[in-house]
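See structure below.
Values in this text are rule-based calculations from the coordinates and carry no lab data. Keep in mind that this is a model prediction, so the values were computed, not measured. FYI the Cβ positions are ideal-geometry reconstructions off the backbone, even for glycines, and counts take in every protein chain you see.
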Amino acid sequence: MGLTIHYTLSLREEISAGVVHELVRRTGQFARKIGCAEVGGVLRAGKNGHLASHFFRVSEDFYSFAAAESGWLIQILPGAGCEAVKLGLCQYPRQILLRDGFVSTGFKGGWQLQGFCKTQYAGEHGPEHFLKCHRTVISLLDFWRNLGVSVTVNDEGDFWESRSIEKLRRRFDSYNGLVAAMSGVLRDADSGLSIESPIFDYQNFERLEHEGWQEFGGRINQLREKLSELK
């Protein structure tokens, strides 16, 4: 739960694995240049399948995933509190064997990588730090688009489309309130579960929780009612 950037990198062109490796290496150089907190080494996708899974729909209510067969990727940490972003290109099997037989993965050739990066909790270190981290992820995706790769993005901060810092700041504040209020409900639900979230450590947690209730009270009450039904 928290403001997240979802993205897909894809390339229909049949380029060599060596070219992919070079693109990923350049990404690492660019990440260091723009001041990312941590930049990993170039990873072979086939040996790191858990980092490069391709998710696909099997039926209306069932999803599965296929591990990469080949390709290269890199993991980059934009800054403290932010999730690491993975970038690269991979190839996947067109079918995998599940319990009921072989199913199509939807992969149609070329190169691809799906990923997401939750930037919300970079805000633990202040709103300006959040803005820097979120914009850094967008800069990395811009880098891949400038390389000629197709980049599809669903940015919950709406910065990818608008490039508006003020709109991103407002969305961040709104999500902080929503996360604080919903986390508070889950913590107080007496479900026997231990609820942990970085939002509880924010000095202004109570104010954020109050603002979340003001903006999203109806939605949060629905969650509270469902939790009560489970007791």
Could you point to the label whose value was computed as semi-axes √(5λ) of the Cα gyration tensor in Å for the structure here, given [x] 26, 21, 18; [y] 24, 21, 18; [z] 34, 24, 15? [z]
Between residue 8 and residue 32, what length comes free when the chain is fully extended (0.36 nm per residue of separation minus the Cα-Cα distance, one decimal in nm)? 6.4 nm
Give a quick list of trypsin sites (Lys or Arg not before Pro) in region 69-105 that DSSP marks as loop, anything other than H, G, I, E or B, with at most 10 other Cβ atoms within 10 Å. 99
Hand me the GluC sites (Glu not before Pro) from region 36-145 located in a DSSP loop with no more than 11 other Cβ atoms within 10 Å, in residue order please. 60
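Relative contact order of the chain: what whole-number percent is it, with Cα pairs under 8 angstrom and at least 6 residues apart?
Numbers: 414 pairs, mean separation 49.7, N = 231.
Computed over the chain, the figure is 21 percent.
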Disulfide-incompatible cysteines by the Cβ rule (no partner under 4.7 Å) in the chain: 36, 90, 117
Put a dot 7 Å past each Cα toward the Cβ at residue 164 and residue 42; how far apart are the dots in nm? 4.0 nm
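Given a Förster distance of 35 angstrom, what is the FRET efficiency for residue 59 paired with residue 151, based on the Cβ-Cβ distance and rounded to 0.05? The partial results should precede the final answer.
On the way: r = 29 Å, r/R0 = 0.82.
Taking R0 as 35 Å, the efficiency between residue 59 and residue 151 is 0.75.
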